1. If I filter region 270-313 down to residues being of a type in the set (A, V, I, L, M) and either free of Cβ contacts under 8 Å to residues at least 60 places away in the same chain or in contact with a Phe, Trp or Tyr (Cβ under 9 Å, 6 or more places away or on another chain) (or both), which single residue comes out as surrounded by the fewest Cβ atoms within 10 Å (Cβ to Cβ)?
2. If you check residue 349 against the conditions, is it touching a residue at least 12 places away in the same chain (Cβ under 8 Å), over 27 Å from residue 275 (Cβ atoms), out of contact with any Cys (no Cβ under 6 Å at 6 or more places or on another chain) and surrounded by fewer than 16 Cβ atoms within 10 Å (Cβ to Cβ)?
3. Determine which single condition residue 165 fails, assuming it passes every other condition in (1) without any contact (Cβ under 8 Å) to a residue 12 or more places away in the chain; (2) part of a loop (DSSP other than H, G, I, E, B).
4. Of everything in region 294-326, what is on the phi < 0 side of the Ramachandran plot, over 16 Å from the mean Cα position of the chain (by Cα) and not aliphatic (A, V, I, L, M)? Give them in sequence order.
5. Would you mind listing the helices (runs of 4 or more DSSP H) fully within region 195-312 where at least 3 residues are under 28 Å from residue 56 (Cβ atoms)?
6. Taking region 228-242 on its own, how many of its residues are at pLDDT 90 or above and more than 21 Å from residue 81 (Cα to Cα)?
7. Could you please give the count of residues in region 13-53 that are farther than 25 Å from residue 325 by Cβ, in contact with a helix residue (DSSP H, G or I) (Cβ under 7 Å, 6 or more places away or on another chain) and not hydrophobic (A, V, I, L, M, F, W, C)?
8. Which number in (1) hydrophobic (A, V, I, L, M, F, W, C); (2) buried (at least 16 other Cβ atoms within 10 Å of the Cβ); (3) assigned to a helix (DSSP H, G or I); (4) modelled with pLDDT of 90 or more marks the one condition that residue 120 misses?
Amino acid sequence: MGVVITGIGLSSALGNQDQTWQRLLQGESAIHLQQPFSVLPPAPLAMIGATPQRLTDLISPLVAAVVADAHLELPLPDCGVVVGSSRGCQGDWEAAGGERSPLLSWQTHGLDAAAWHSAARIHSRGPVQAPMAACATGLWAIAQGYALIHRGECDRVIVGAVEAPITPLTLAGFAKMGALAQTGCYPFDRHREGLALGEGGALLCLESTAIAVARHAPIYAEIRGMGFTADAHHVSAPDPSGHGARQAIQHCLHRSQLTPHQISYIHAHGTSTQRNDSHEAAVLAQLFPPTLPISSTKGATGHTLGASGALGVAVCALALRSQILPPCVGIRDPAFPTLNVVRQATPAPICHTLCLSFGFGGQNAAVIISAPNSRNYGVQRE
């Protein structure tokens, strides 16, 4: 059974879906030096507003956007929901200072808050899941939603991830690890410093191909395949052999019935940390031709942690729709001659795109989405 993307709701520090895409193509970055907490030094951050966002405030606009973009109307009682977050409502609990608050409960502010609020917003009585796989959360959510449709449990599922990671504990933790940038985020650059946290998320409407075609829904892309592995190596560092990452990508290609030479574009994890970028560059050089276009959007949106994979798939879908390769914002002095890093927005024929996420705990995730006309499905979005 085919599964396609018929709607996108996207929010980042660059703006909504259209704003994010247009500003990304223009090479803009939403990362600026900011000091949201007086007890911590300034840091480069991609914030949506003047103060850190609350997770629950991000969800309703995203749900409304994905429903409208999919040409649907509420309520959607038979729609499944798979929405994750690696941090959940951590900021609210930190602000409460460990004290019991009448405004906080595990039902509304627990680890499944993103899924719970999304399901409540669409009045879902279908399956509701809340995956958490560190920075691979978004891709896990898409895979689980795909599985619900493929098994026939649902005809339609809202999937994705949302993150409000700018909290004192998160900033202090990444600073202690030495992973935070000092001036900005420069993926795959020789002088990269580390990651810059960003707020936002992306929700996608997945539907069976039959249902989407029957209701004449414009289609962004088809979910072709996915691959997931775990390194079992270290709590935060990737396995230097790259075995798990290569295996996840190879599984994804096999399930998609595609070869490395058929991939048109890779949205890399590209965090701008020393270890991730060198590890990812080595894996990609081993598997793909050196001419294959690659970019990471974290230099523009910041690293949205668990939501980054969902944002990456949304960017791939927009690239398929527009037939434009998005640039790797922030790169000035490329560190890896084996990679063809996209430096500016470039029109190109794009048919199959690969999105990658690598998370703490050795989580390796890969998802391929393809243009709907690659198998003559439905009406392609204009």
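The values are calculated or read from the model by the stated rules, or taken from the named source; none is laboratory data. Just so we're clear, the structure is a prediction, and the values are computed from it rather than from any experiment. Using ideal geometry, Cβ is built from the backbone for each residue, glycine included, and neighbour counts are taken over all protein chains shown.
1. In the first step, residues of region 270-313 are kept if they are of a type in the set (A, V, I, L, M); the result is 281-285, 287, 292, 294, 300, 305, 307, 310-311, 313.
Now narrow it down to the ones that are either free of Cβ contacts under 8 Å to residues at least 60 places away in the same chain or in contact with a Phe, Trp or Tyr (Cβ under 9 Å, 6 or more places away or on another chain) (or both): 281-285, 287, 292, 294.
Details: 281: 21, 282: 18, 283: 23, 284: 25, 285: 15, 287: 18, 292: 17, 294: 25.
Ranking the qualifying residues of region 270-313, first place goes to 285.
2. Working: touching a residue at least 12 places away in the same chain (Cβ under 8 Å): yes; over 27 Å from residue 275 (Cβ atoms): yes; out of contact with any Cys (no Cβ under 6 Å at 6 or more places or on another chain): yes; surrounded by fewer than 16 Cβ atoms within 10 Å (Cβ to Cβ): yes.
The answer is yes for residue 349.
3. (1)
4. The answer is 321, 322.
5. Values: elements: 209-214, 243-256, 274-287, 298-301.
Filter on region 195-312 gives 298-301.
6. Result for region 228-242: 2.
7. Adding up the residues that qualify gives 1.
8. All conditions pass for residue 120, except number (2).
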